[in-house]
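Please read the structure below before turning to the comments.
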Amino acid sequence: MQCFWIALVVALASCAAPPPQQPPSSPLSTVSVAPEPRPHAPVPLSQETLAQRAKCEAGDLWACILVGLAFERGDGAPADLPSAAHYYQLACDTRIAEACALLVNVYSAGGEGVPRDPERVASLKQLLCEDGHEIHCAPVVEDTPFDDPTADP
């Protein structure tokens, strides 16, 4: 009888409504558009990540970068590139160069939930260049990301 109830619960859980669909994204109009973080997987956030997220939500934008790094690396948070991009964007919106540079890397390489976006990379690099970070003033070249193991040396 217990197996019947377990099977019934599993069957009902599989009938749950699918998550709402995101509207199609519009063409890049500003640099400050970032994917929304995904609902967090059952992997719990570490105490450090929870503390940094609270600081981020209170306005500490450097803490937002640390939360983004935790999500990007899967260290202290589930690996979740859209969440990483979201937290980087919060800091980049105030022109913290390190956060914008991290977004350049995210959108240059792409990954699960965040496609490569050369237009966004170009916009971010222009923003960084305008803020005096000359390394980002070179034109964007369509090539394989440097961390791609299939790239030619």
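For region 71-86, give me each residue that is in contact with an Asp or Glu (Cβ under 9 Å, 6 or more places away or on another chain) and open to solvent by 10 Å² or more (accessible area, probe 1.4 Å). Of everything in region 71-86, those that are in contact with an Asp or Glu (Cβ under 9 Å, 6 or more places away or on another chain) and open to solvent by 10 Å² or more (accessible area, probe 1.4 Å) turn out to be Glu72, Gly74, Gly76, Ala79, Asp80, Leu81, His86.
Pro44 meets the conditions (1) assigned to a loop (DSSP other than H, G, I, E, B); (2) open to solvent by 70 Å² or more (accessible area, probe 1.4 Å); (3) modelled with pLDDT of 95 or more; (4) not hydrophobic (A, V, I, L, M, F, W, C) in every case but one. The failed one is (3). For region 67-82, the condition holds for no residue, the condition being that it is assigned to a helix (DSSP H, G or I) and closer than 19 Å to Gln126 by Cβ. Summed over region 50-75, the residues that are in contact with a Leu (Cβ under 8 Å, 6 or more places away or on another chain) and at pLDDT 95 or above give a count of 11.
Only a single criterion out of (1) at pLDDT below 95; (2) surrounded by 11 or more Cβ atoms within 10 Å (Cβ to Cβ); (3) under 17 Å from Glu119 (Cα atoms); (4) within 16 Å of the chain's Cα centre (by Cα) is not satisfied by Leu28, namely (4).
The values are calculated or read from the model by the stated rules, or taken from the named source; none is laboratory data. Everything numeric in this text was worked out from a predicted model, so none of it was measured. As a convention, Cβ positions derive from the backbone with ideal geometry for all residues, glycine included, and neighbour counts pool all protein chains shown. Surface accessibility is based on the protein's heavy atoms, side chains included, excluding ligands, DNA and RNA. Shrake-Rupley method; radii C 1.70, N 1.55, O 1.52, S 1.80 Å.
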